[in-house]
Ligand SMILES: [Zn+2]
Ligand SMILES: [Zn+2]
C-alpha cells in the first residue's frame, strides 16, 4: 500500500540528506493502516511535486511523544546538531487530547529515490464522461509506472462555459469547431458524479481532477464568476487564442500565422499568459511556451519575458507545466517546455509539473520520465 504525507522543508531535507530516518506521526486511524514494506511518499509542503519515495522498514508505537523521544538520537528524528529535542515540539502539529487518545508512531523509512512520476494533464475529451473510459487513462498510468495522473477536460466540454467562447465565433472556421458534438456536451454535475465514483475505488496511484480553462483577458470577469462555484482539485489556465484567434488549429495559419508578424503574435501570447497568471484564478499554467508549435519564432529575445512569467508564477504560488504534447502531438524538437524557460522556473523556485496532454489513453505518460529528469536539472 502507498501513503502520501506532507512534510515541512527542514524535515523533508533531513530525509533527503539521509540524516532523518524516523518520521513521527500521531497513530490515528489513517496511520494505523501503515505496514512494514509499504511505500510512503513525502511531498514537500513548498512544492507537492517535489517528492521523496520511501519504504517502511519498521513501525513502533508509543503512548505519546515523551515516551518515543528517548529511544532515538535527535538527528534520526529530524533535529539538527544545535537544536534541543523536545517532545513538546509535537504540540505544534497535534492536539494534546489527540495524542492521549491515539498515541505516537515512529515510522522508520528508507529513502528509495526522489523521482515522482506525475502526468498532470490528460483529456477525456474524445470519449464519454464515465468510469470505464476514465479508468483506461488511469490504468495506462499504472502500467507505465506513474505515481499520479491528473485528469482535466477543457472548459469547452462543459455547458457552463459556453458563453466564454462566443468571442471566437466571429470567424466561421472557429464557429464550426465550436459546433462540434464534443463541445459543451457535458455538465459539471456529470463530471462531479464521475469524480465521486473514481474516488470510491482503491487505486494504487494518486488521481486528481481539474479543468483546463481557456483563459483570455476579455473573458476574465466571466470566468471568475463561473469558477467561483467550481470545486475541483486544481485549475489549469491555458492560452489557446490571441485576440480571438486560435493559434493551434489546422486553420490557424490562414487566420493568424500567414497574416500577422511573429513578433506581434509572441508579444500578444505572452501578454495573455501574464494576465492569466496575474488573474489569480489558477493553480497551474498549461504548456507555457506552446506558441512555438509551428517552429516560427520572433526576431526579439524572449529571456526577459521568461523572467517575468517565472516571477509572476512564483508570486501567485502557481506551478508551470513541462508539457510533452509539443513533441509527440506537434512534432517540435523540444521534449517539452524549452530549456531557457525551464531554467527561469528553476531560478525563481517555480514548481514544475510534467504533463503529456494525452487525448487518448495510450498517450498517457508519454515522455514523463524524460521530462521529470529535465526538471531535476533546473531545480
Ligand atoms: Zn491546452
Ligand atoms: Zn490540454
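The values are calculated or read from the model by the stated rules, or taken from the named source; none is laboratory data. All values reported here derive from a predicted model rather than from experimental measurement. Using ideal geometry, Cβ is built from the backbone for each residue, glycine included, and neighbour counts are taken over all protein chains shown.
The table that follows gives values for the structure above.
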{"quantity": "Qualifying positions in the stretch 235-267 - surrounded by 19 or more Cβ atoms within 10 Å (Cβ to Cβ), away from ligand 2 (no atom under 16 Å from the Cβ) and farther than 23 Å from residue 176 by Cα", "calculated": "265, 266"}
{"quantity": "Which listed residue is within 16 Å of ligand 2 (Cβ to nearest atom), crowded, with 19+ Cβ neighbours inside 10 Å and in the same structural domain as residue 210 (by TED's automatic domain parsing), from 289, 283", "calculated": "289"}
{"quantity": "Qualifying residue in the stretch 308-320 (condition: more than 24 Å from residue 281 (Cβ to Cβ), surrounded by fewer than 17 Cβ atoms within 10 Å (Cβ to Cβ) and at pLDDT 95 or above)", "calculated": "no"}
{"quantity": "Residue count, the stretch 8-46 (criterion: within 30 Å of residue 314 (Cβ to Cβ) and out of contact with any strand residue (DSSP E or B) (no Cβ under 8 Å at 6 or more places or on another chain))", "calculated": "8"}
{"quantity": "Test: residue in the stretch 120-129 that is touching a residue at least 12 places away in the same chain (Cβ under 8 Å) and either more than 16 Å from ligand 1 (Cβ to nearest atom) or assigned to a helix (DSSP H, G or I) (or both)", "calculated": "yes"}
{"quantity": "Only one of 370, 272, 340 that is within 15 Å of ligand 1 (Cβ to nearest atom), in a helix (DSSP H, G or I) and either touching a residue at least 60 places away in the same chain (Cβ under 8 Å) or assigned by TED's automatic domain parsing to the domain that holds residue 210 (or both)", "calculated": "272"}
{"quantity": "Qualifying residue in the stretch 38-50 (condition: exposed (fewer than 14 other Cβ atoms within 10 Å of the Cβ) and over 21 Å from residue 376 (Cβ atoms))", "calculated": "no"}
{"quantity": "Filter pass, residue 321 being out of contact with any strand residue (DSSP E or B) (no Cβ under 8 Å at 6 or more places or on another chain) and outside any loop (DSSP other than H, G, I, E, B)", "calculated": "no"}
{"quantity": "Test: residue 46 is in the same structural domain as residue 15 (by TED's automatic domain parsing) and touching a helix residue (DSSP H, G or I) at 6+ places or on another chain (Cβ under 8 Å)", "calculated": "yes"}
{"quantity": "Of all residues in the stretch 268-280 being touching a helix residue (DSSP H, G or I) at 6+ places or on another chain (Cβ under 7 Å) and over 14 Å from residue 302 (Cα atoms), the one that is surrounded by the most Cβ atoms within 10 Å (Cβ to Cβ)", "calculated": "277"}
{"quantity": "The one condition in (1) within 16 Å of ligand 1 (Cβ to nearest atom); (2) over 21 Å from residue 169 (Cα atoms) that residue 223 fails to fulfil", "calculated": "(2)"}
{"quantity": "Per-region count, the stretch 51-92, residues part of a loop (DSSP other than H, G, I, E, B) and within 26 Å of residue 37 (Cα to Cα)", "calculated": "10"}
{"quantity": "Residue check for residue 231: within 26 Å of residue 276 (Cα to Cα), at pLDDT below 95 and either part of a loop (DSSP other than H, G, I, E, B) or in the same structural domain as residue 43 (by TED's automatic domain parsing) (or both)", "calculated": "yes"}
{"quantity": "Any hit, the stretch 201-217, residues being assigned to a helix (DSSP H, G or I), within 30 Å of residue 2 (Cα to Cα) and in contact with a helix residue (DSSP H, G or I) (Cβ under 9 Å, 6 or more places away or on another chain)", "calculated": "no"}
{"quantity": "Positions within the stretch 348-360 being closer than 21 Å to residue 329 by Cα and crowded, with 21+ Cβ neighbours inside 10 Å, in sequence order", "calculated": "352, 353, 354, 355, 356, 357, 358"}
{"quantity": "Of residues in the stretch 130-175 being over 15 Å from the mean Cα position of the chain (by Cα) and assigned to a strand (DSSP E or B), the one nearest to ligand 1 (Cβ to nearest atom)", "calculated": "154"}
{"quantity": "Close pairs (8 angstrom Cβ cut-off, 6 or more residues apart or separate chains): assigned to a loop (DSSP other than H, G, I, E, B) in the stretch 250-268, surrounded by fewer than 19 Cβ atoms within 10 Å (Cβ to Cβ) anywhere", "calculated": "251/173"}
